[in-house]
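Comments concern the structure below.
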């Protein structure tokens with residue numbers, strides 16, 4: 001049971017490049033979300049989805065796009081990478097009921113030069 | 001706006017000691033509160049989840065309590081071991097707002113248990 005799988009684990013980009021961070025889950029969870037974790041800032045919500053075809057912005061959405069064409073996948077796209085987007089990115093999922101915990105992937109460590 | 005604070009930011013204790021990590025939040029309108037563990041360079045592992053109607057949850061040597069009215073939660077670790085060394089994160093799920101399915105995190109307490 002893989003749970004939440006994020007790829008790649010590490011990536012180095014140059015300023016202005018674009019890329020997609022992948023997130024896949026096999027728990028049939030409706031809720032999926034992306035967070036970034038920065039030193040001294042904690043985890044902050046970027047975008048989230050309550051089901052296939054539905055996405056919305058979180059606390060820090062600028063510079064990122066998401067789509068949710070299937071229940072299983074929730075990719076995060078960096079449109080034009082900036083050094084301020086250097087961070088660790090985590091994907092999370094949760095079942096539909098309020099008593100269910102969130103499950104996190106192992107993260108993608110992204111450096112923008 | 002909901003804010004979550006964890007004190008202390010870092011804690012160092014000798015092996016075998018019982019310890020308490022603190023978490024406070026500003027708005028009592030929450031669905032639940034979740035404690036996570038994060039090892040260096042790793043993802044988040046869920047430890048305990050307390051529903052807003054509950055007072056505490058226990059798992060092995062861990063016990064988490066919730067006082068929603070005062071906006072406080074504690075994570076009690078009994079008989080600490082060097083393997084408990086990690087960063088512990090507290091997060092609340094707000095009971096309102098469009099992103100109510102998601103979590104607001106504290107900045108964590110970095111625990112070091114020395115042999």
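Worth pointing out:
- Test: residue in segment A:23-46 that is more than 14 Å from chain B (Cβ to nearest Cβ), touching a strand residue (DSSP E or B) at 6+ places or on another chain (Cβ under 7 Å), part of a strand (DSSP E or B) and without any contact (Cβ under 8 Å) to a residue 24 or more places away in the chain: no
- Strands (runs of 3 or more DSSP E) fully within segment B:24-108 counting 3 or more residues that are under 28 Å from residue A:106 (Cβ atoms) and within 9 Å of chain A (Cβ to nearest Cβ): B:30-38, B:44-51, B:86-94
- Residue within segment B:9-19 that is loosely packed, with under 12 Cβ neighbours inside 10 Å, within 14 Å of chain A (Cβ to nearest Cβ) and touching a strand residue (DSSP E or B) at 6+ places or on another chain (Cβ under 8 Å) present: yes
- Residue list for segment A:97-113, restricted to those being within 9 Å of another protein chain (Cβ to nearest Cβ) and in a loop (DSSP other than H, G, I, E, B): A:98, A:99, A:100, A:101, A:102, A:105, A:106, A:107
- Considering residues of segment A:11-22 that are assigned to a loop (DSSP other than H, G, I, E, B) and either within 9 Å of chain B (Cβ to nearest Cβ) or out of contact with any helix residue (DSSP H, G or I) (no Cβ under 9 Å at 6 or more places or on another chain) (or both) only, the residue farthest from residue A:60 (Cα to Cα): A:14
- Filter pass, residue A:8 being closer than 29 Å to residue B:88 by Cβ, more than 11 Å from chain B (Cβ to nearest Cβ) and modelled with pLDDT of 95 or more: yes
- Residues of segment B:1-39 classified as touching a helix residue (DSSP H, G or I) at 6+ places or on another chain (Cβ under 8 Å) and modelled with pLDDT of 95 or more, total: 1
- The number of residues in segment A:55-87 being farther than 18 Å from residue A:8 by Cα, in a strand (DSSP E or B) and away from chain B (no Cβ under 11 Å) comes to 1.
The values are calculated or read from the model by the stated rules, or taken from the named source; none is laboratory data. Everything numeric here is computed off the predicted structure, so don't read it as measured data. So basically every Cβ, Gly included, is an ideal-geometry build from the backbone, and we count neighbours across all protein chains shown.
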